[in-house]
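What follows is calculated from the coordinates using simple rules that are stated; it is not laboratory data. These figures come from a predicted structure and were not determined experimentally. So basically every Cβ, Gly included, is an ideal-geometry build from the backbone, and we count neighbours across all protein chains shown.
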Amino acid sequence: MNSKVFFGLYVPTNSILHRLDPRMKIIACFWYVVIVFLANNVLTNVLLGLFLLFLIWLSKVSLKMYWQGIKPLMWVILLTAAVQLFFSTGGQPIWQWHFLNITSLGIIQSIYLIFRFAFIITISTVLTVTTTTLQLAAGIESLLKPLSYLKVPVSQLAMMLSIALRFIPTIMDEIQTIMDAQRARGMDFSAGNLFQRAKRLVPVMIPLFVSSFKRADDLALAMEARGYQPGAPRTAYRQLRWHMNDNWAFLTYVVLTVALIVLRQI
Amino acid sequence: MLEYYIGMTKGAGSLAIVSVKDLTFTYPGNSEPTLAHISLDLPAGEWITIIGPNGSGKSTLARLIDGLLPINSGEIYVDNIPVKEENLHAIHQRIGFVFQNPDNQFVGTTVADDVAFGLENHQVSHEDMPFRIKQALNDVDMVPYAKKEPAYLSGGQKQRVAIAGALSLRPKVLIFDEATSMLDPEGRQKVLKLLAHLKVKKGFTILAISHDPSEAVLGDKVILLDHSHLVAYGPTNQIMGDSELLMKHRLGLPFTTQLKEQLQENGITVPKEYQSEEQMMTWLNQQLSSKK
Amino acid sequence: MAQPAVVFKKVAYTYNAQTAFSFKALQDISAEIEKGSLTAIIGHTGSGKSTLTKLVDGLLLPDHGSIQVGNFNLTHESGHDELLKLHREVGYVFQFPEKQLFSDTVLQDVEFGPLNLGKSAKEAKQMALVALDTIHLPADLYDHSPFELSGGQMRRVAIAGVLAMQPQILIMDEPTAGLDPQGQTEILELAHSLHEQGTTVILVSHQMDQVARYADTVLVLNHGQLVFTGTPRNLFSQLQLLKQAELEPPLATAFAQSMADQGWHFDHLPLTVTDLGNELVKQLQKEGQHE
């Protein structure tokens with residue numbers, strides 16, 4: 001009952017973004033990450049920010065969820081911005097101490113950097129709150145399909161990915177049970193130094209490996225009994241459908257990119 | 001060694017859906033065979049239970065029949081097709097196999113995806129899949145759960161999905177390898193009821209492995225394996241009523257056989273054949289009235 | 001009168017509290033488990049049995065109420081150190097306990113618990129040997145890898161790993177699941193002999209025949225609430241209550257009930273095949289004497 005389901009960040013609000021083809025959403029996410037690096041002035045950053053707010057509004061997911069996506073990475077963002085701030089040169093020097101210095105350009109650049117990070121994290125959160133892991137896997141498989149011409153076993157990789165997703169909750173449960181069982185045998189996971197703590201993982205990791213191998217064995221047998229042969233042609237139950245809305249989404253991105261390039265010049 | 005043997009052996013090929021001929025199997029690295037000189041036929045449309053103590057070779061036999069292990073010596077035919085490497089696809093289609101652990105055979109991320117897995121392997125067209133999935137889920141009474149993830153299902157429900165996965169391929173034989181042993185009583189009852197339904201209403205041949213005597217009495221025939229040999233193969237009422245045979249091979253007795261054993265120890269003569277609970281009650285009533 | 005081994009006082013527990021997925025597993029449970037008893041906890045799947053036993057071993061802490069286990073009083077505020085000490089008093093055999101085996105040899109695995117309790121290597125070995133003797137494992141297997149053993153043996157070794165800590169209270173969560181009839185009997189006889197030696201045994205079971213044969217007290221849970229406390233005999237004569245809790249009576253009881261419906265007379269509904277057989281013999285022979 002505890003950790004049975006691997007929710008990820010998915011929030012089922014069934015918005016227009018939820019109904020987009022996962023391939024479009026994955027492409028859009030990458031596309032946005034690329035054009036973030038085109039933003040070089042206030043206007044372009046404002047445009048990207050507004051567009052992101054528009055997406056957040058479309059997703060019908062509360063801002064709080066997005067904030068939770070950024071929060072754990074806040075320190076990384078601030079640290080990188082600080083490095084940028086203290087070490088960049090150019091522009092008006094404002095403050096200096098030994099090798100540290102703050103310049104007007106440094107301030108501007110570190111502010112842009114914070115925005116850039118925030119944008120990238122938020123756009124990936126838009127993807128994950130509106131797309132189930134299952135759809136993500138299907139989208140990735142479909143997008144990687146051309147690689148199979150290069151002899152990359154895409155369908156086998158996709159099968160592995162989908163099985164991994166399927167078994168994450170099962171294995172999380174298993175870890176919980178094993179830890180409980182060893183705690184009941186008097187084990188204290190929290191005491192001692194780092195080395196001692198690492199050593200304590202043995203009574204958890206070995207049973208976990210043993211049962212995972214057993215599981216893998218059982219699963220392989222069950223899959224074979226149901227006619228699975230790695231590499232053999234298969235039909236697909238889930239087929240992704242590209243709808244009119246996906247075209248619109250694509251067009252929106254084209255417009256956004258053009259606008260961005262124009263605003264860069266100003 | 002063979003204590004009981006009934007017809008259905010040689011020359012009955014047309015009736016037999018599965019035919020095992022002088023099968024001997026040794027796992028690589030073992031010196032002792034796990035199965036030695038097994039010959040038997042499974043008649044079409046019947047429910048046959050394999051019983052035997054742990055390590056007697058029950059699962060190995062079932063896996064060999066489905067071509068999940070390579071045959072060392074002897075022959076197996078399923079629906080008149082020899083079980084061989086090149087026929088495996090056809091064999092897997094004719095046999096639905098349900099394993100013991102409900103979790104470890106659930107491949108799909110949802111119930112419908114899991115049923116679809118076998119259909120995808122057998123290249124059923126995308127257009128035909130929704131109907132066949134629904135039909136199979138309907139047979140096991142799981143349609144409302146089609147979109148559920150396995151984490152939301154009980155063990156018994158997962159086993160019913162596994163059965164639906166097997167049924168969707170329209171097999172002729174269903175093999176259950178201790179498929180109820182990890183379920184709670186409610187889940188177990190439902191799966192067993194489903195088996196009876198599939199046999200009677202849909203005409204499947206069922207081969208069930210079980211060490212639960214209350215399950216073995218549900219079928220038509222019983223195969224007893226011990227120490228890699230076929231010890232007995234006969235009608236359920238003959239084998240499951242024979243407390244001496246069952247105890248000799250370290251097997252549990254069905255409830256009514258235990259009760260008869262108890263009566264016999266106290267000097268009451270009891271019929272040798274297995275009796276269902278109703279039959280036993282009728283017999284007890286007769287005993288009582290005849291004494292009056 | 002000896003004090004009870006475990007006292008539940010208005011215990012409640014909710015999983016994933018304060019989320020959309022919260023689930024009330026136990027509500028307002030008050031009960032006592034007598035010292036030295038063999039108490040069965042039964043109920044259909046999801047009724048809260050495992051939650052209740054995890055509370056006894058401090059693996060979960062109650063949201064409300066308290067649990068008195070020996071000298072420990074467990075509440076939602078109980079601290080880490082207290083729980084560590086509690087694990088010395090309470091042994092917990094999980095479902096499919098063979099899944100927790102990890103050491104190179106059987107003996108090392110069984111020593112793991114005592115070593116965690118701070119015993120010296122020598123003492124730990126001694127305690128492990130005693131435990132292995134209790135489960136009747138052939139001594140030549142002690143230095144084998146636990147993963148080479150048969151399913152039933154692995155289960156017993158895992159149980160020995162808990163017994164080695166010499167707990168006052170032993171919890172067994174469906175210890176016979178997945179074993180063949182012989183393996184099941186071995187485990188139940190082991191539980192019974194530990195009980196006879198004075199250990200309080202708490203048995204979680206789905207199998208009413210086991211409960212009828214071995215338990216002296218039964219707690220019945222239904223949807224997170226305690227609906228019955230008493231003897232098996234008392235419980236299995238209340239068919240209505242069983243039905244409400246979605247439980248089946250033992251086979252012998254159900255059989256006798258059907259016979260009673262056909263005019264046979266039983267002073268008490270029998271709980272086991274032995275009881276039923278004896279009763280039938282008596283009635284059949286009694287009728288015979290009238291001739």
Worksheet item: Net charge near C:Q100, counting Lys/Arg +1 and Asp/Glu -1 over other residues with Cβ under 13 Å of its Cβ?
Response: -1
Worksheet, complete the sentence: With the charge dipole of the range A:154-226 built from beta-carbon charges (+1 for Lys and Arg, -1 for Asp and Glu) about the Cα centre, the Cα from A:L194, A:M205, A:S155 projecting farthest to the positive end belongs to A:L194
Response to the item:
Once amide hydrogens are built 1.01 Å from N within the peptide plane, the residues lying 5 or more places from C:V6 or on another chain with amide H under 5 Å from its amide H are C:I33
Worksheet item: Under the Karplus relation 6.51 cos²θ - 1.76 cosθ + 1.60, θ = phi - 60°, what is the ordered set of whole-Hz ³J(HN,Hα) values for the range B:233-243, x standing for Gly and Pro?
Response: 8, x, x, 3, 5, 6, 7, 6, x, 8, 5
Worksheet entry | Pairs beyond 27 Å (Cα-Cα), from B:K21/B:K158; A:K214/B:K134; C:K243/C:K282; B:K193/B:K221 | B:K21/B:K158; A:K214/B:K134; C:K243/C:K282
Worksheet item: To the nearest 20 debye, what charge dipole does chain C have about its Cα centre, counting +1 at the Cβ of each Lys and Arg and -1 at the Cβ of each Asp and Glu?
Response: 660
Worksheet item: Which whole number of Å³ per residue matches the convex hull of the alpha-carbon atoms in chain B?
Response: 148
Practice prompt. Would you please report the Å³ per residue occupied by the convex hull of the alpha carbon atoms in the range A:154-226?
Written response: 106
Fill in: Inter-probe distance in nm under a simple model that places probes 7 Å from Cα toward Cβ, at B:K134 and A:V262
5.0
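Taking 0.36 nm per residue of separation and subtracting the Cα-Cα distance, what length does fully extending C:T185 through C:S145 add?
Additional length available on full extension: 11.9 nm.
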Item to complete: Averaging sequence separations of C-alpha pairs under 8 Å and six or more residues apart, then dividing by the length of chain C, give the relative contact order as a whole percent.
Response: 21
Response to the item:
Residues whose modelled amide H sits under 5 Å from the amide H of B:I17, counting only those 5 or more places away in sequence or on another chain, are B:L42, B:A44
Practice prompt. Give the calculated FRET efficiency between C:K243 and C:N71 to the nearest 0.05, with a Förster radius of 45 Å applied to their Cβ-Cβ distance.
Written response: 0.65
Discussion item. With 10 angstrom as the radius, rank C:K85, B:K58 by how many other C-beta atoms surround their C-beta, starting from the fewest.
Written reply: C:K85, B:K58
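All other residues with a Cβ under 15 Å from the Cβ of C:L129 taken together, and with Lys, Arg as +1 and Asp, Glu as -1, what is their net charge?
-2
Give, in nm to one decimal, the length gained when the segment between A:L73 and A:A220 is fully stretched (0.36 nm per residue of separation minus the Cα-Cα distance).
The A:L73-A:A220 span can extend by a further 49.0 nm.
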Discussion item. Under a Cβ-only charge scheme (Lys and Arg +1, Asp and Glu -1), can you give me the dipole magnitude of the range A:154-226 about the Cα centre, in debye to the nearest 20?
Written reply: 220
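Please find the FRET efficiency linking A:Q176 to A:V202, where r is the Cβ-Cβ separation and R0 is fixed at 25 Å, and quote it to the nearest 0.05.
0.90
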Discussion item. How big is the protein assembly as shown along each principal axis, measuring the range of its Cα positions in Å and listing the largest first?
Written reply: 121, 73, 53
Discussion item. Can you compute 3J(HN,Hα) from phi for each residue in the range A:162-174, using the Karplus curve 6.51 cos²θ - 1.76 cosθ + 1.60 with θ = phi - 60°, rounded to whole Hz and x for Gly and Pro?
Written reply: 5, 5, 4, 4, 4, 9, 4, x, 4, 6, 4, 4, 4
Worksheet item: What are the residues whose amide H is under 5 Å from the amide H of B:L68, where those residues sit 5 or more places off or on another chain and H is modelled from the backbone?
Response: none
Worksheet item: How would you classify the range C:84-171 from its alpha-carbon gyration tensor, with a ≥ b ≥ c the square roots of the eigenvalues: rounded for a/c under 1.5, else prolate if a/b is greater than b/c, otherwise oblate?
Response: oblate
Worksheet, complete the sentence: Of the candidates B:S210, A:P233, A:I107, the farthest towards the positive dipole end of the protein assembly as shown (Lys/Arg Cβ +1, Asp/Glu Cβ -1, centred on the Cα centre) is A:I107
Response to the item:
Residue separation between C:T105 and C:H80 times 0.36 nm, minus their alpha-carbon distance, gives in nm 6.0 nm
Worksheet item: Given the convex hull of the Cα atoms of the range B:52-107, what is a quarter of its surface area in nm²?
Response: 4.9
Item to complete: In whole Hz, with x marking every Gly and Pro, tabulate ³J(HN,Hα) for the range A:232-241 from phi via Karplus 6.51 cos²θ - 1.76 cosθ + 1.60, θ = phi - 60°.
Response: 6, x, 9, 8, 10, 6, 8, 10, 7, 10
Worksheet item: Of C:F112, C:F94, C:F266, which is the most mobile in a GNM of chain C whose springs link Cα atoms less than 10 angstrom apart?
Response: C:F266
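Excluding A:F209 itself, calculate the net charge of residues whose Cβ lies under 12 Å from the Cβ of A:F209, where each Lys or Arg counts +1 and each Asp or Glu counts -1.
+2
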Response to the item:
If every Lys and Arg gets +1 and every Asp and Glu gets -1 at its Cβ, then about the Cα centre chain A yields a dipole, in debye to the nearest 20, of 200
